[in-house]
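Q: Encoded as structure tokens, here's the structure I'll be asking about.
Where a number appears in this text, it was derived from the coordinates with a stated rule and is not lab data. As the structure is a prediction and not an experimental result, all values here were calculated from the model. Note that each Cβ is placed from the backbone with ideal geometry, even for glycine, and that neighbours are counted across all protein chains shown.
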Amino acid sequence: MLLKQLKATEVKEETKMMEQTLVLIKPDGVQRGLVGRILGRFEDVGLKIKGVKMVWVTPEFSKKHYKELLKKHFYPWLEEMITEGPVVAIVLEGLHAIELVRKLVGATEPRTALPGTIRGDFAHHSYEFTDAKQRSIKNLVHASGNAKEAKEEVKLWFTDKELHAYKTVHEKHVF
Ligand code: TYD
């Protein structure tokens, strides 16, 4: 009986740690042919792909996705960049997935993003350069910043039907 109760508590704790997060491989990543390598970074750590699709973002949708940034000086450049070609949208699931994915993605400015991160390894844009050119930083990926953002963004980009329930081998080795 006690063992049963303990197990139920463990499952509850585990469920709290299990998170979903939204990742976009932005037009620069798609056009540079980096989709496979970027997705591979997330698969390598054992994150589960719950849903994936290619979407050409409209200016209206960009305003919904980047609603917190509409007043920033770089928003018009950001909208131009995110609508210039299709993106690959992905929902990833795993333990502490939101923080884990941000760690793998690296700092916003590729110039300062650490080696080993996606932005640090595959890009080198700086704010100094893009502000002078009046363009958006091209840093290949978007990843939800926190739990609230992740919840809203997964809902904005994917329907329940587009998120799939299946087992990965990691479930045997991690849980
Ligand atoms: P932000 O949400 O601050 O960063 P992150 O993508 O790391 O969560 O900004 C969104 C995007 O806007 C960012 O990925 C690149 C672009 N951007 C600029 O072009 N110039 C800037 O000065 C900043 C801060 C962001």
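Q: Report, ordered by chain and residue number, the lysines lying within cross-link reach of residue 161, taken as a straight Cα distance under 28 Å and ignoring same-chain residues fewer than 8 apart.
A: Within reach: 12, 16, 26, 48, 50, 53, 63, 64, 67, 148, 151, 172.
Q: Over all directions, how big on average is the projection of the convex hull of the alpha-carbon atoms in the chain, in square nanometres?
A: For the chain, the mean projected area of the Cα convex hull comes to 11.3 nm².
Q: Using R₀ = 22 Å, calculate the FRET efficiency as 1/(1 + (r/R₀)^6) where r is the Cβ-Cβ separation of residue 45 and residue 128; round to 0.05.
A: 0.10
Q: On a full-extension model of 0.36 nm per residue, what is the gain between residue 67 and residue 152, subtracting their alpha-carbon distance, rounded to one decimal in nm? Write out the running numbers ahead of the final one.
A: Values: separation 85, 0.36 × 85 = 30.60 nm, distance 1.12 nm.
That pair, residue 67 and residue 152, stretches by 29.5 nm at full extension.
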